[in-house]
Amino acid sequence: MPKLDLKTAGPFIALVVVFIIGVLVNDAFLSSGNLSNILARSSFIGIVAIGATFVITAGGIDLSVGSMAAFISGCMILLMNALMDSIDSMLVIIILAVIASLGIGALAGLINGLLTTKAKIEAFIVTLGTMGIYRSLITYMADGGTLSLNFTIGDVYSEVYYGVFLGLPYPVWVFLGVSVIGYVLLNMTVFGRHCFAVGSSESVARYSAINVDRVKTATYMLQGVCVAIATIIYVPRLGSASGQTGILWELEAIAAVIIGGTVLKGGYGRIWGTVVGALILTLIGNILNLTDAVSNYLNGAVQGIIVIVAVYLQRGAWRRD
Amino acid sequence: MPDGNNKSLTFSVRKLRKSFGPVEVLHGIDLTLRGGEVHAILGENGAGKSTLVKILSGFEQLTGGELHISDESGNSKQIDAWDNAIAEQAGVVLIHQEFNLAEQLTVAENIFLGNEIKGRVFLDKKTMRAKAQEYLDILRSDIDPDATVGQLPVSAKQMVEIAKAQAKNARVLVLDEPTAVLTQQESQVLFELIDRLRQAGVAIVFISHKLDEIKQIADVITVLRDGQLVGSYPAAELSKDDMVRLMVGRELSSLFPEMPKVSETAEVVLRVSNLLLQGNSTASSFELRKGEILGFSGLVGSGRTALMETVLGLRRAAKGNLGSVEIRGERVDFKQLSAARSKGVACLTKDRKGNGLLLEKGLVFNFSLFSLHKISALLIDTKQEEIAFEKAVETFDIRMKDRSIAAGNLSGGNQQKLLLAKILEAEPSIIIVDEPTRGIDIGTKSQIYHFIAQLLASGHSLILISSDITEVIGLSHRVAVMYHGEISGVLVGDEIEEVEIMRYATGLKNKNLHQEILDKSGTSNAKA
């Protein structure tokens with residue numbers, strides 16, 4: 001029995017350990033400003049990673065999320081700037097941009113999904129391809145430079161990132177909301193069960209009257225929508241988008257999912273694990289910022305080690321079963 | 001290439017036994033292969049042919065008995081250690097039904113795969129190519145040694161396999177259903193080749209379900225039944241009918257419960273008319289009545305599962321299929337299994353591990369996967385799920401250490417009961433069961449037969465696909481027999497007995513043939 005507990009509790013224990021290290025490293029770590037900053041920053045990766053949890057649980061992979069986020073940012077900014085001339089209400093413009101963002105995200109997911117299921121190309125290849133396409137498109141849209149959001153809208157929109165409700169920034173609430181919905185969807189609905197089944201064995205799923213293609217496509221669409229939501233709260237933070245936006249998000253999202261205990265080969269996924277995984281990754285970056293002991297430039301190296309160790313522990317636990 | 005000098009070759013087994021765990025599958029087989037002889041091994045599915053040839057070629061270990069092989073000078077000696085490498089050393093080579101070729105490599109490279117000729121440092125490609133050409137020439141094959149194997153047709157691949165066996169200096173060549181993948185013409189080419197190898201003194205073991213072929217090329221026929229040796233006979237002495245009788249011949253056991261009768265006027269719940277399967281030229285038609293169990297017999301690969309999966313929407317019908325499927329008189333065209341399920345049709349797959357259960361998932365997860373729609377609105381009602389599972393454990397007598405184990409940790413019989421429970425939980429009225437008792441113990445078998453009888457009594461209709469011919473006879477009201485992707489006959493009443501079924505299963509008899517003649521004259525009349 002204890003080994004089962006370790007498997008579920010592992011990521012939480014790791015989170016506590018990292019947190020304690022943070023406390024020991026610098027007094028500023030515990031300041032409310034720093035903590036809410038950590039939560040807000042982990043929201044982007046966290047929300048994307050919730051979507052990735054579905055994709056990976058159903059046996060797929062999506063490498064395009066980082067570029068997709070950049071592309072959607074660019075589209076939103078261009079759209080809002082363009083609507084400035086014809087619509088007076090800033091709120092209406094922002095709502096239209098939000099709707100467009102969700103639509104583009106879902107559509108991008110649909111494309112990834114159909115290419116993997118109907119054209120039967122490996123998800124790795126499809127999303128490697130779309131990753132390149134979106135990255136190139138945003139660079140083209142920004143003409144190699146940066147797309148900036150019109151100042152007047154930016155002022156109104158920035159509330160979405162900087163606004164606070166009950167002491168927590170809005171992005172944190174959105175993250176929490178997406179997590180709860182994701183949890184319910186994955187663990188309590190027929191769709192969630194089907195994701196587990198498809199990831200475990202597509203042929204068993206097919207013989208259990210599950211529409212495998214539809215389930216897989218739905219996970220990619222869900223991923224696209226999650227990327228769109230993350231982008232909606234990310235755009236007001238900087239008010240700009242460029243070829244550098246969202247770089248390596250896909251790897252951080254996958255890392256968060258894996259650290260959280262979801263199995264990369266599919267068949268088993270955990271939403272709360274993913275949330276904790278995203279928090280751990282952000283915490284590490286934050287701690288490295290607050291200490292001189294390890295250079296901040298080594299952030300990626302530390303994250304990489306954590307992922308490898310997490311998977312190693314996971315495997316060990318599997319083998320004992 | 002062996003020449004006439006090892007005509008004295010003998011390779012024999014004495015009192016050969018083989019057990020898998022506690023189950024003995026071969027019970028003391030005697031067999032003698034001689035150079036220059038084609039030795040056919042004949043038996044029903046599960047008679048032990050495959051196990052026997054795997055032991056001969058060293059892929060399986062024997063658990064009892066002796067092997068003797070003669071050396072070059074003809075002195076026979078007993079073999080102590082036997083595995084695949086030793087067997088190949090001794091010149092015993094098995095050609096699998098599934099070829100063992102590296103698709104990306106050339107013909108020459110494949111012929112010498114694992115057997116490469118080396119120069120001082122690098123491979124001596126030139127010599128290998130020349131030698132490969134030599135082997136192909138002996139086989140009178142015009143395959144290009146530089147062709148990539150993946151691009152070759154099946155018959156050429158088989159030729160490469162045989163050339164490869166020659167490169168290993170095969171003295172005993174074991175061919176496991178070599179013609180299953182060949183057209184009739186290609187088979188004839190193979191037979192000519194076998195004949196040349198025979199003249200060169202190679203001992204050939206030939207397995208086939210096609211009695212015509214055996215009649216054509218075999219010198220000696222050994223018949224197996226249920227892992228027992230029935231006997232070895234000179235081929236000239238056996239007629240095809242004798243072969244069938246020797247393969248079958250056993251008493252029906254009293255394993256089977258009394259099946260409720262079906263009235264001739266019972267409603268037709270499933271009608272399949274002229275359904276054309278992929279890769280087939282003959283369409284299939286059959287009917288299933290309410291409360292009836294229709295058996296489907298036939299040899300492995302005769303198309304029984306493919307037919308049912310096409311009906312269910314798990315496979316596409318052939319292009320240009322004009323046939324139809326009707327459920328209780330309503331025309332249906334299932335594209336997804338879920339569509340079939342909503343019309344009350346379900347199937348119990350024969351591949352329990354590959355298609356039936358998620359072995360690493362829990363019991364409840366597996367149990368409800370096919371019937372989740374019944375217990376969920378927006379969310380799954382897990383309480384109801386739990387109750388349904390407990391009830392199924394009771395009904396189907398599923399035995400387990402505790403509730404939290406994974407499905408893969410159940411015994412085979414209990415896995416089968418769980419799978420049956422999973423399918424029936426969706427409350428289908430027409431159930432297709434495919435090999436429902438394969439690989440399970442006799443006790444569970446009998447339990448499953450009783451479940452089937454209960455289902456019939458409560459108004460369900462069943463299709464039973466089984467390679468266990470006694471099972472088909474013991475349970476079915478009528479028996480459809482398939483041969484080469486077509487229903488060669490639907491047998492009723494006294495026709496339902498082993499020898500008759502085997503005649504239809506091996507193509508000796510075919511009810512369609514008369515039908516076809518009628519059909520043809522019918523169309524020509526219509527045209528005229």
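Of the conditions (1) touching a residue at least 40 places away in the same chain (Cβ under 8 Å); (2) within 26 Å of A:V263 (Cα to Cα); (3) within 14 Å of chain A (Cβ to nearest Cβ); (4) open to solvent by 70 Å² or more (accessible area, probe 1.4 Å), B:E427 fails just one. Which one is it?
So B:E427 meets the others, but not (2).
Exactly one condition in (1) among the β-branched types (V, I, T); (2) at pLDDT 90 or above; (3) open to solvent by 30 Å² or more (accessible area, probe 1.4 Å) is not met by B:V332; state its number.
Unmet for B:V332, out of (1) among the β-branched types (V, I, T); (2) at pLDDT 90 or above; (3) open to solvent by 30 Å² or more (accessible area, probe 1.4 Å): (3).
Run down A:V225, A:V204 and say which single residue is open to solvent by 40 Å² or more (accessible area, probe 1.4 Å) and modelled with pLDDT of 95 or more.
Just one listed residue meets the conditions, A:V225.
Would you pick out the residues in the range B:343-375 that are within 8 Å of chain A (Cβ to nearest Cβ), closer than 22 Å to B:R403 by Cα, open to solvent by 10 Å² or more (accessible area, probe 1.4 Å) and outside any helix (DSSP H, G or I)?
Selection gives B:E360, B:K361.
Could you list, in sequence order, the residues of the range A:152-210 that are of a type in the set (G, A, S), more than 14 Å from chain B (Cβ to nearest Cβ) and in a loop (DSSP other than H, G, I, E, B)?
A:G163, A:G167
What pairs come up if the first residue lies in the range B:122-143 and is within 12 Å of B:K164 (Cβ to Cβ), the second is of a type in the set (S, T, N, Q), and their beta carbons are under 8 Å apart, counting only those six or more places apart or on different chains?
That search, which allows pairs on different chains as well, returns B:Y135/B:Q166; B:L139/B:Q166.
Of all residues in the range B:388-417, which are part of a helix (DSSP H, G or I) and small (G, A, S)?
Residues satisfying the conditions are B:A388, B:A392, B:A407, B:G408, B:G412, B:G413.
Mind listing just one residue for me: the one in the range B:473-497 that is open to solvent by 50 Å² or more (accessible area, probe 1.4 Å) and part of a strand (DSSP E or B) and, of those, nearest to B:K509 (Cα to Cα)?
The residue in question is B:Y483.
Pull out all pairs, ordered by first then second residue, where Cβ-Cβ is under 7 Å, the residues are six or more apart or on different chains, the first lies in the range B:209-227 and is free of Cβ contacts under 8 Å to residues at least 60 places away in the same chain, and the second is of a type in the set (D, E, K, R) and in a helix (DSSP H, G or I).
Note: pairs meeting the criteria are B:K215/B:K240.
I want to confirm something. Restricting to the range A:100-132 and keeping residues that are of a type in the set (V, I, T) and within 19 Å of the chain's Cα centre (by Cα), which single residue is farthest from A:I232 (Cα to Cα)?
A:V126
Looking only at strands (runs of 3 or more DSSP E) that lie completely in the range B:1-91, which have at least 3 residues being open to solvent by less than 30 Å² (accessible area, probe 1.4 Å)?
Answer list for the range B:1-91: B:10-20, B:23-34, B:38-42, B:64-70.
Could you list, in sequence order, all residues of the range B:278-287 that are crowded, with 18+ Cβ neighbours inside 10 Å and more than 20 Å from B:L462 (Cα to Cα)?
Listed by number, the residues that qualify are B:N280, B:A283.
Could you tell me which numbered condition A:V23 fails, if it satisfies all but one of (1) open to solvent by less than 30 Å² (accessible area, probe 1.4 Å); (2) farther than 30 Å from A:D143 by Cα?
Failed condition: (1).
Of the numbered conditions (1) open to solvent by less than 10 Å² (accessible area, probe 1.4 Å); (2) under 19 Å from B:G413 (Cβ atoms), B:A340 satisfies every one except a single condition; which is it?
Every condition holds for B:A340 apart from (2).
Quick one: A:S31 ticks every box in (1) farther than 30 Å from A:F196 by Cα; (2) modelled with pLDDT under 95; (3) surrounded by 16 or more Cβ atoms within 10 Å (Cβ to Cβ) except a single one, so which number is it?
A:S31 satisfies every listed condition except (3).
The values are calculated or read from the model by the stated rules, or taken from the named source; none is laboratory data. Values in this document were obtained by computation on a predicted structure and should not be read as measured data. Cβ coordinates were reconstructed from backbone atoms using ideal geometry, including for glycine residues, and neighbour counts include every protein chain displayed. Calculation scope for accessible area: heavy atoms of the full protein, side chains included, ligands and nucleic acids excluded. Shrake-Rupley method; radii C 1.70, N 1.55, O 1.52, S 1.80 Å.
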